[in-house]
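A quick write-up on the structure given underneath.
Just so you know, all these numbers are worked out from the coordinates, no wet-lab data involved. Because the structure is a prediction, the values reported are computed rather than measured. All Cβ positions, even for glycine, are placed from backbone atoms using ideal geometry, and neighbour counts span all protein chains on display.
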Amino acid sequence: MADTKAGFIALIGEPNAGKSTLLNRMVGAKVSIVTHKVQTTRARIRGVAMEGQSQLVFVDTPGLFRPRRRLDRAMVAAAWGGAADAEIVVLLVEAHRGLTEGVEAIIEALEERISPNQKVALALNKIDRVKSEVLLGLTEKLNARYPFVETFMISAEKGHGVDTLRGWLAENLPDGPWLYPEDQIADLPMRMIAAEMTREKLTLRLHQELPYQLTVETTNWEERKDGSARIDQLIYVIRDGHKGIVLGNKGETIKGVSQSARQELEEFLGRRVHLFLQVKVRPNWLEESERYSEMGLDFKDGNS
Ligand SMILES: Nc1nc2c(ncn2[C@@H]2O[C@H](COP(=O)(O)OP(=O)(O)OP(=O)(O)O)[C@@H](O)[C@H]2O)c(=O)[nH]1
Ligand SMILES: [Mg+2]
């Protein structure tokens, strides 16, 4: 077809800005996990949306922040890598927080990293949380700081302004053939999506630093004759004490996590799932390259 368009659109921003929420809304399915906590997304996650003759390949990225650990550095590198590959970069800024130090740092980095053939748009997100009067001032302030090609005011969660953004993105992608089959919505192995679903439930239930000190891997996936799937997953934690907390009193916590992850997996797959979770203490997993490749990250990116 002659008049098709396609390309990559990277969603970048501070942790918690709403990037994954926006990706899921654009795609119309939950392919990237979402929590109220910062640093939920750890690797690049691609989701595909169609708009007329355009194919929009959204790239959800980890939030950009000042990294401390190897994992943090690998996450931030993955985010900038996503931006580097994109035709269009959308910077999400939380409307109720405005031009924070974190956003300022991202803009400074953008000035160095963006090439002239890339377009950078601004999306003020969470507009449902502010009075509309503040939006104009914020738009002016941010555009004085960086020459965004366009500014959008959206609520990724409620859906306000998202159609306008999608339409503009579709128009502004380069001409070219589609990059994925028309019916594909995600570009992530199913075993990884499944591990992420469990990690989401763990992150929602566990407090303080614990969600940042564990990782989940799918170790086995078995299709059964009755149409159901048996999925085995390992949760790596760094301390004995953490294992106890993840299991919870009489195994209550892990049971709750397993139930809600299983329900979501069943919805996603449209069939029955038997989910088996095991917790393993591995004090050094944050320094093991295999854990990074399982997450879709480059271990070397974490070198300081
Ligand atoms: N009120 C409101 N909340 C939103 C909106 N968009 C996202 N959120 C909430 O903001 C929180 C963070 O959303 P995420 O999509 O996980 O944010 P993220 O940018 O992917 O975060 P990281 O992966 O940690 O970088 C969640 O609690 C969302 O429900 C919005 O438009 N309005
Ligand atoms: Mg995210």
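Connecting C-alpha atoms closer than 10 Å in a GNM of the chain, tell me which of 249, 125, 16 has the biggest fluctuation.
249
Limiting things to C-alpha atoms, what are the Rg and the maximum Cα-Cα separation (Dmax) for region 131-170, in angstroms?
11.2, 29
What dipole magnitude, in Debye to the nearest 20, does region 190-302 give about its Cα centre under +1 on Lys/Arg Cβ and -1 on Asp/Glu Cβ?
480 debye
Give a residue-ordered list of calculated ³J(HN,Hα) values for region 114-126 (Karplus: 6.51 cos²θ - 1.76 cosθ + 1.60, θ = phi - 60°; whole Hz; x for Gly, Pro).
Rounded to whole hertz, the list is 7, 8, x, 8, 9, 9, 10, 10, 10, 10, 7, 9, 6.
What is the distance, in nm, between label points placed 7 Å from the Cα along the Cα-to-Cβ direction at residue 224 and at residue 303?
Placing both labels 7 Å beyond Cα along the Cβ direction yields 4.6 nm.
So, with +1 on the Cβ of K and R and -1 on the Cβ of D and E, and no other charges, what is the size of the charge dipole of the chain about its Cα centre, to the nearest 20 debye?
Using Cβ point charges on Lys, Arg, Asp and Glu, the chain gives about 1220 debye.
Put a dot 7 Å past each Cα toward the Cβ at residue 84 and residue 99; how far apart are the dots in nm?
It is 2.9 nm.
Return 304, 54 ranked ascending by Cβ neighbour count within 10 Å, so the fewest neighbours appear first.
On the way: 304 7, 54 23.
Going from sparsest to densest Cβ surroundings: 304, 54.
With springs only between Cα atoms under 10 Å apart, run a GNM on the chain and tell me which of 63, 256, 82 wobbles the most.
Greatest mean-square fluctuation among the candidates belongs to 256.
Provide, as a two-decimal number, the C-alpha radius of gyration of the chain over 2.2 N^0.38 Å, N being how many residues it has. Intermediate values should be presented prior to the final figure.
Values: Rg = 19.8 Å, N = 304, 2.2 N^0.38 = 19.3 Å.
Here the Cα radius of gyration is 1.02 times the empirical estimate.
Would you mind telling me the antiparallel percentage of the DSSP bridges in the chain, rounded to 5? Can you show the working numbers first?
Values: 17 of 48 bridges.
Of the beta bridges lying entirely in the chain, close to 35 percent run antiparallel.
Would you order 115, 293 from fewest to most other beta-carbon atoms within 10 Å of each residue's own beta-carbon?
115, 293
With a cut-off of 8 Å between alpha carbons and a minimum separation of six or more residues, what is the relative contact order of the chain in percent?
Taking the mean separation of contacting Cα pairs over the length of the chain, I get 20 percent.
Need the list of lysines near residue 126 for cross-linking: C-alpha distance under 17 angstrom, and skip anything on the same chain fewer than eight residues off.
In chain and number order, the partners are 19, 37, 158.
By how many nm would the segment from residue 143 to residue 68 lengthen if fully extended, with 0.36 nm per residue of separation less the alpha-carbon distance?
Here the answer is 24.0 nm.
Compute the semi-axes of the equivalent ellipsoid of region 179-304, taking the square root of 5 times each eigenvalue of the Cα gyration tensor, and list them largest first in whole Å.
Output for region 179-304: semi-axes of 25, 21, 12 Å.
Hull surface divided by four, with the convex hull built on the Cα atoms of region 1-99: how many nm²?
On the way: hull surface 27.8 nm².
Over every viewing direction, the Cα hull of region 1-99 projects on average to 6.9 nm².
Any idea how far the Cα center of region 30-44 sits from the one of region 120-153, in Å?
Region 30-44 and region 120-153 have Cα centres spaced 23 Å from each other.
Take the chain, connect every pair of alpha-carbon atoms lying under 10 Å apart with a spring to form a Gaussian network, then pick out the residue of 105, 74, 121 with the largest mean-square fluctuation.
105
Which residues make up the longest stretch of the chain clear of GluC sites (Glu not before Pro) that lie in a DSSP loop with no more than 10 other Cβ atoms within 10 Å, not counting the sites?
Longest gap between qualifying sites, sites excluded: 1-181.
Against the 2.2 N^0.38 Å scaling, with N counting residues, where does region 5-172 land? I'd like the Cα-based Rg ratio to two decimal places. Kindly include the intermediate steps, with their values, before the conclusion.
Details: Rg = 14.5 Å, N = 168, 2.2 N^0.38 = 15.4 Å.
Taking N as the residue count of region 5-172, the ratio is 0.94.
With viscosity set to 0.890 mPa s and temperature to 25 °C, compute the Stokes-Einstein D of region 45-113, Rh being the Kirkwood radius across alpha carbon pairs; µm²/s, no decimals.
My calculation gives 181 µm²/s for D.
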